[in-house]
């Protein structure tokens with residue numbers, strides 16, 4: 001269960017980077033490659049193991065209009081399932 | 001048809017290897033040391049691969065540590081923004097060596113293990129290897145790099161899945177691959193000795209299932225049963241020429257690591273042709289792309305978008321026709337070939353692999 005004070009980070013071995021060939025963010029990890037959509041990439045960029053989910057939502061709200069808690073936790077849930085995100 | 005850029009490059013830097021595993025899937029005729037691409041040629045391959053869209057580079061072989069320029073090649077791939085995976089036997093992976101590789105940008109290490117105890121593991125490897133592998137795993141953990149332990153399963157070690165899982169836990173692996181032998185190259189020669197029994201599969205399944213549950217979130221276990229025992233073929237390479245390419249030690253470019261077995265396929269070489277041209281335009285990469293090459297029963301089969309007709313190399317090796325339905329498929333008219341292989345009561349000794357000539 002994701003709580004507002006949970007601190008997500010990219011799992012060890014996972015890298016988020018920008019691919020200039022495909023002009024999109026990509027997630028690289030031992031078993032493959034995922035292409036996150038722009039919303040997911042914005043969330044994942046803030047997963048540093050220090051920031052809480054609450055702080056990530058607040059940071060995104062400064063940059064984008066209409067950021068909802070559920071969107072952020074939805075992304076984190078999905079990438080937790082895919083073993084991309086873990087919790088400190 | 002619409003062809004996407006490749007995601008992964010399997011860079012088979014050399015066929016030289018300190019191990020002699022009977023399950024080796026490299027071809028019967030290994031590339032000699034003096035036929036290998038030079039440093040400059042490999043650097044060119046990496047540059048071209050990244051321009052083409054490659055994001056993951058698997059430095060493999062043989063034993064990639066046998067290449068004196070490995071650090072330089074890793075640094076280039078990493079500087080280009082690729083995720084660099086070292087696929088190694090662990091022999092030669094000392095602390096100073098890994099220090100240089102880590103600095104060069106290695107992202108992940110995949111370490112092969114042949115068995116759960118030294119006696120069996122060294123017998124399969126054909127040399128004194130097991131203790132050195134455990135030491136290599138320890139070095140990987142000291143550098144805090146993610147570690148996958150890869151075990152090729154077969155009749156001689158299949159009973160050890162439980163102890164193998166415990167060993168991978170002790171080594172601190174993030175992932176464990178328990179993958180049954182794929183019958184290509186040298187492994188095909190040893191198939192009768194390597195094929196696990198149905199009893200072994202039945203015994204292993206609950207052990208793996210329980211361990212997956214117990215280790216959830218700590219160590220991922222990937223378990224792959226021999227496709228000969230499956231009703232449907234594996235989705236080989238997620239389609240021919242769809243996601244990954246292999247460059248062999250001599251520069252031949254392969255749509256599948258085993259594709260040199262298909263003698264009817266004309267392979268291109270990076271010495272003669274740009275990589276992008278080979279990916280998009282070559283006869284070898286276009287031979288089985290999409291669905292136009294498919295015949296019955298694949299052509300009308302709803303599973304064709306799931307398994308792409310299975311493995312072309314396996315179709316060729318078992319039927320002599322690379323465009324046939326993979327004969328492991330229960331819908332293949334050639335399935336009786338596979339059933340006959342499974343029914344054969346043979347239990348010959350392993351033929352061990354000799355080293356690649358220099």
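Computed on the Cα trace of chain A, the radius of gyration divided by the Kirkwood hydrodynamic radius gives Rg/Rh = 0.95. Largest GNM mean-square fluctuation across B:322, B:344, B:66, computed for chain B with C-alpha springs under 10 Å, falls on B:344.
For the protein assembly as shown, DSSP calls about 35 percent of its internal beta bridges antiparallel. So for segment B:242-358, considering every pair of alpha-carbon atoms, how many percent are separated by more than 19 Å? The share of Cα pairs beyond 19 Å in segment B:242-358 comes to 56 percent.
Against chain A, whose longest principal axis is taken from its Cα atoms, helix A:69-81 shows a tilt of about 40°. The C-alpha atoms of chain A define a longest principal axis, and helix A:53-63 lies at about 80 degrees to it.
Relative contact order for chain B: 21 percent, from Cα pairs under 8 Å spaced at least 6 residues apart, divided by residue count. A simple spin-label model places the labels of residue B:331 and residue B:277 3.9 nm from each other, with each point 7 Å out along Cα-to-Cβ. In a GNM of chain B with a 10 Å cut-off on Cα contacts, which of B:114, B:336, B:56 has the highest mean-square fluctuation? Among B:114, B:336, B:56, the largest GNM mean-square fluctuation belongs to B:336. Each residue in B:24, B:301 was given a count of other beta-carbon atoms within 10 angstrom of its own, and listing them fewest first yields B:301, B:24. Sorting B:288, B:143 from the fewest to the most surrounding beta carbons within 10 angstrom yields B:143, B:288.
The spread of Cα positions in chain B, taken along each principal axis and listed from longest to shortest, comes to 55, 49, 41 Å. Mean per-residue shielding of peptide A:18-30 is 5, counting Cβ atoms of other chains within 10 Å of each Cβ.
Tell me, what is the percent relative contact order of segment B:86-199, built from C-alpha pairs under 8 Å that lie six or more residues apart?
25 percent
Averaging over all projection directions, find the projected area of the Cα convex hull of the protein assembly as shown and quote it in nm² with one decimal place.
For the protein assembly as shown, the mean projected area of the Cα convex hull comes to 21.8 nm².
Each of A:68, B:304 was scored by other Cβ atoms within 10 Å of its Cβ. Arranged with the fewest first, they read A:68, B:304.
With Cα atoms defining each centre, segment B:17-39 and segment A:26-65 are spaced 42 Å apart in the structure. Counting Cβ atoms of other protein chains within 10 Å of each Cβ in B:78-85 and taking the mean gives 3. Based on the alpha-carbon gyration tensor of segment B:84-193 and its eigenvalue square roots a ≥ b ≥ c, which shape applies: rounded if a/c is under 1.5, prolate if not and a/b is larger than b/c, or oblate? Verdict is prolate for segment B:84-193. For chain B, a Gaussian network of Cα nodes joined below 10 Å ranks B:327, B:206, B:18 by mean-square fluctuation, and the top entry is B:206. P(r) tail, segment B:112-155: Cα-Cα pairs separated by more than 17 Å, 32% of all pairs.
Since every read-out is calculated from the coordinates, none of them should be taken as a lab result. Every value quoted in this text rests on a predicted model; they were computed, and no experiment measured them. All Cβ positions, even for glycine, are placed from backbone atoms using ideal geometry, and neighbour counts span all protein chains on display.
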